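Below is one structure, written out as structure tokens; comments come after it.
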Amino acid sequence: MNTKQIEELLGKDSASLLGHQCKTISKDLLHLPGPDFVDRIFISTNRSNNVIRNLNSIYNTGRLAGSGYLSILPVDQGIEHSAGASFAPNPIYFDPENIVKLAIEGGCNAVASTYGVLAAVSRKYAHKIPFIVKINHNEFLSYPNKFDQIMFGKVQEAYDMGAVAVGATIYFGSNESSRQIVEVAAAFAEAHKLGMATVLWCYLRNSGFKKMELTTIRQQI
């Protein structure tokens, strides 16, 4: 895809999006992706050799292998939103194998999903594409909706199915965020002992943040 095609896709916002320059943080301070990303960023940390090896397997799989960039297919909506709401438009993805096939055919670095999805096909695919098992989930079937990531299964189970990493979400600002931080930290420590990499997804879940943003904007105006 060339620059002109990208501009056409972005439409009226193309100029502001493509021409944006950050005035807050100098680009010289950024750790940019590159072929040496694992060696440059992770080697000096306290991660074990096994963790580094599993990180390296993620960064060196798929179409973006060796570039320092990652393309991970995340499909964990079945628990959070119900399988019907998530997959009814494309019923073939009720089948876990099709999710993993999509990640492989799309040239992804890894596939991230639930225990059930990845365990169902681990014998056949865990050696073909890196597995990232999401170990906690929210659910929107209760009413009123709540924002609470709850642990599912064990880190050992993810390790036993051949996953190279586990991932978890923390809803910062939610009433349960303190518990989530402690739970995820403990789970990630166990994963590192087993030589697995870890991925943290972070979201703000507190209406107060929106009020603070509006107050700040008014003060600036």
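The values are calculated or read from the model by the stated rules, or taken from the named source; none is laboratory data. Quick caveat: nothing in here was measured; it's all calculated off a predicted structure. Ideal geometry is used to build each Cβ from the backbone, glycine not excepted, and the neighbour counts take in all protein chains shown.
Residues considered: Ser82, Ser67, Ser48. Of these, the only one that is surrounded by fewer than 16 Cβ atoms within 10 Å (Cβ to Cβ), at pLDDT 95 or above and of a type in the set (Ser, Thr, Tyr) is Ser48.
Which residue pairs have Cβ atoms closer than 6 Å, lie 6 or more positions apart in sequence or on different chains, and pair a first residue in the stretch 18-34 that is of a type in the set (Gly, Ala, Ser) with a second residue that is at pLDDT 85 or above? Listed by first residue and then by second, the contacts come to Gly34/Gly68. For Ser67, the test of being without any contact (Cβ under 8 Å) to a residue 12 or more places away in the chain and either part of a loop (DSSP other than H, G, I, E, B) or not hydrophobic (A, V, I, L, M, F, W, C) (or both) is failed.
When Leu29 is tested against the conditions (1) loosely packed, with under 10 Cβ neighbours inside 10 Å; (2) more than 21 Å from the chain's Cα centre (by Cα); (3) within 20 Å of Ala163 (Cα to Cα), the lone failure is (3).
Residues checked against (1) over 16 Å from Ile58 (Cα atoms); (2) surrounded by 19 or more Cβ atoms within 10 Å (Cβ to Cβ):
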| residue | (1), (2) |
| --- | --- |
| Ala120 | yes, no |
| Lys128 | no, no |
| Val133 | no, yes |
| Asn136 | yes, yes |
| Phe140 | yes, no |
| Glu157 | yes, no |
| Ala163 | no, yes |
| Glu176 | yes, no |
| Ile181 | yes, no |
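Residue-wise test of (1) closer than 23 Å to Leu70 by Cα; (2) in contact (Cβ under 8 Å) with a residue 24 or more places away in the chain; (3) assigned to a loop (DSSP other than H, G, I, E, B).
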site	(1), (2), (3)
Ala103	yes, yes, no
Gly107	yes, yes, yes
Val111	yes, yes, no
Val117	yes, yes, no
Ser122	yes, yes, no
Ile129	yes, yes, yes
Phe140	no, yes, yes
Phe147	no, yes, yes
Glu157	no, yes, no
